[in-house]
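Visitor: Got a structure for you, written out below as structure tokens; questions coming shortly.
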Amino acid sequence: MSSTLHTKVAIIGSGPAAHTAAIYLSRAELQPILYEGMMAGGTAPGGQLTTTTEVENYPGFPAGITGPDLMDAMKAQSEKFGTKIFTETITRLDLQSKPFRLWREYDDGEGDAPAHTADAVIIATGANARRLDLKGEETYWQNGISACAVCDGAVPIFRNKHLVVIGGGDSAAEEALFLTKYGSKVTVLVRKDKLRASKAMANRLLSHEKVEVKFNTEGVEVLGENKPRGLMTQLRVKNNQTGEEETLDANGLFYAVGHDPATSLVKGQLDLDEEGYLKTQPGTSYTSLPGVFAAGDVQDKRYRQAITSAGSGCIAALEAEKYLAELEGPDETTSPEQDSEVKKGNLDGADNAPEYRSNPLL
Ligand SMILES: Cc1cc2nc3c(=O)[nH]c(=O)nc-3n(C[C@H](O)[C@H](O)[C@H](O)COP(=O)(O)OP(=O)(O)OC[C@H]3O[C@@H](n4cnc5c(N)ncnc54)[C@H](O)[C@@H]3O)c2cc1C
């Protein structure tokens, strides 16, 4: 006999998007389940914020809050309203079947039976900022090294200091220009002999008085204070054409070398963009498949913030809740024509976006 459990809605992920969706859905008494992962993609349950110290830009915490404390609070709030959380990673997802089928990493010995089936799924598996594995990176990660200038640029250790950005694309240019507000000087290391950034962005970067761009240059080693929680003070760099090395005095190093969205689960089942991010209809959480919703960094390569992830988690929950209600049968707020569109799966299109103002959750 199979031990597969059924749920109306399953959430995969454990960052701000997943927990916000869980809070809304559990308050709507839909008894969501949430798979928070067990070091999925190398990230602890709680997501990317578990890898940082102070979060100063999440509203409601004027004195700041640590990333792990913020995520613990979100998890507690999800559980408080009845979300059932599994500390396991989903390794396989079948979105072709109805209900959808989810397998977890360690199966329970029931052949190929999935752990759960679900009428709706919210994908909130996030993304991971790429690292460079430079010597000294582990020691000075978050003690000078960051993968998010917008998140960390304003903290005191970077004020009026020489900061270095690694990367040559639009994000690197944007991050470097952002850092000019805080640093005394910003050096951008570009591996190639030209920037990949758009012309306009490249021009802004190259003409900025505080910015120096070093082409054909790579980071080699991060050096710094030799004490617990010591800060970085220098970066050794190398010209990849001449092999020449030099040591820069620098107190900040920002990686802008891209992110890897965690979409391997849905590759081939849902539409992804050219960089592997889940495609959603602008302003909604709708993926290419009705009943599957996406929220957070897994579908957002532009803003990548805790608050924007939380906001999109809220959207996904409201859209999933509406989808489930409409699956269950016609209600008085939809016309028979709209209802049959839902049953056919035609929930896409901004014109079909459900109206939430009458939603009792709001
Ligand atoms: C070092 C650092 C500092 C940051 N600082 C700030 C800041 O100060 N302010 C701010 O607003 N933003 C900050 N950010 C960005 C912020 O952390 C992200 O935008 C936000 O966490 C994205 O949330 P998310 O819900 O999309 O998922 P994520 O936080 O990416 O979490 C996704 C989770 O899903 C899990 N998962 C993945 N696959 C599976 C699976 N198959 N099964 C189960 N679980 C799975 C992962 O393990 C992960 O725990 C920072 C990011 C980093 C890396």
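Visitor: Please verify whether residue 41 is surrounded by 22 or more Cβ atoms within 10 Å (Cβ to Cβ) and either more than 20 Å from the chain's Cα centre (by Cα) or not aliphatic (A, V, I, L, M) (or both), treating the condition exactly as stated.
Guide: Answer is no for this residue.
Visitor: On to the next question. Only one of 157, 123 is touching a residue at least 40 places away in the same chain (Cβ under 8 Å), crowded, with 22+ Cβ neighbours inside 10 Å and aliphatic (A, V, I, L, M). Can you tell me which?
Guide: Exactly one residue qualifies, and that residue is 123.
Visitor: Could you tell me whether any residue of the stretch 6-14 is outside the structural domain of residue 156 (by TED's automatic domain parsing), farther than 19 Å from residue 316 by Cα and outside any strand (DSSP E or B)?
Guide: no
Visitor: Right, something else. Can you name the condition, by its number, that residue 52 falls short on among (1) among the hydroxyl-bearing types (Ser, Thr, Tyr); (2) in contact with a Gly (Cβ under 6 Å, 6 or more places away or on another chain); (3) farther than 24 Å from residue 259 by Cα?
Guide: Among (1) among the hydroxyl-bearing types (Ser, Thr, Tyr); (2) in contact with a Gly (Cβ under 6 Å, 6 or more places away or on another chain); (3) farther than 24 Å from residue 259 by Cα, residue 52 violates only (3).
Residue-by-condition table, conditions (1) under 20 Å from residue 93 (Cβ atoms); (2) within 6 Å of the ligand (Cβ to nearest atom); (3) not in a loop (DSSP other than H, G, I, E, B):
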position: 45; (1), (2), (3): yes, yes, no
position: 59; (1), (2), (3): no, no, no
position: 68; (1), (2), (3): no, no, yes
position: 72; (1), (2), (3): no, no, yes
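Visitor: Sticking with this one: Can you find a residue that is touching a helix residue (DSSP H, G or I) at 6+ places or on another chain (Cβ under 8 Å) and more than 22 Å from residue 139 (Cα to Cα) anywhere in the stretch 215-235?
Guide: no
Visitor: For the stretch 47-57, which positions are touching a residue at least 60 places away in the same chain (Cβ under 8 Å) and either more than 6 Å from the ligand (Cβ to nearest atom) or in a strand (DSSP E or B) (or both)?
Guide: 53, 54, 55, 56
Visitor: Looking only at residues in the stretch 110-143 that are more than 30 Å from residue 92 (Cα to Cα) and within 12 Å of the ligand (Cβ to nearest atom), which one is modelled with the lowest pLDDT?
Guide: Result: 142.
Visitor: Using the structure shown, decide if residue 14 is within 7 Å of the ligand (Cβ to nearest atom), of a type outside the set (Lys, Arg) and surrounded by 20 or more Cβ atoms within 10 Å (Cβ to Cβ).
Guide: Yes.
Visitor: For the stretch 263-300, how many residues meet the condition of being assigned to a loop (DSSP other than H, G, I, E, B), touching a strand residue (DSSP E or B) at 6+ places or on another chain (Cβ under 7 Å) and among the charged types (D, E, K, R)?
Guide: 1
Visitor: Looking at this structure, is residue 318 in a helix (DSSP H, G or I), at pLDDT 95 or above, buried (at least 19 other Cβ atoms within 10 Å of the Cβ) and more than 10 Å from the chain's Cα centre (by Cα)?
Guide: The answer is yes for residue 318.
Visitor: If you go through the stretch 275-305 one residue at a time, how many are within 15 Å of the ligand (Cβ to nearest atom) and of a type in the set (S, T, N, Q)?
Guide: Total meeting the criteria: 5.
Visitor: Please specify each residue of the stretch 144-170 satisfying the condition of being more than 10 Å from the ligand (Cβ to nearest atom) and β-branched (Val, Ile, Thr).
Guide: Those that are more than 10 Å from the ligand (Cβ to nearest atom) and β-branched (Val, Ile, Thr): 157, 164, 165, 166.
Visitor: I'd like to check which strands (runs of 3 or more DSSP E) are fully inside the stretch 170-262 and have at least 2 residues that are surrounded by 15 or more Cβ atoms within 10 Å (Cβ to Cβ).
Guide: It comes to 185-189, 211-214, 217-224, 232-239, 252-255, 259-261.
The values are calculated or read from the model by the stated rules, or taken from the named source; none is laboratory data. Here the structure is a predicted model, which means the values were calculated and not measured. Every residue, glycine as well, gets a Cβ built from its backbone with ideal geometry; the counts of neighbours run over all protein chains shown.
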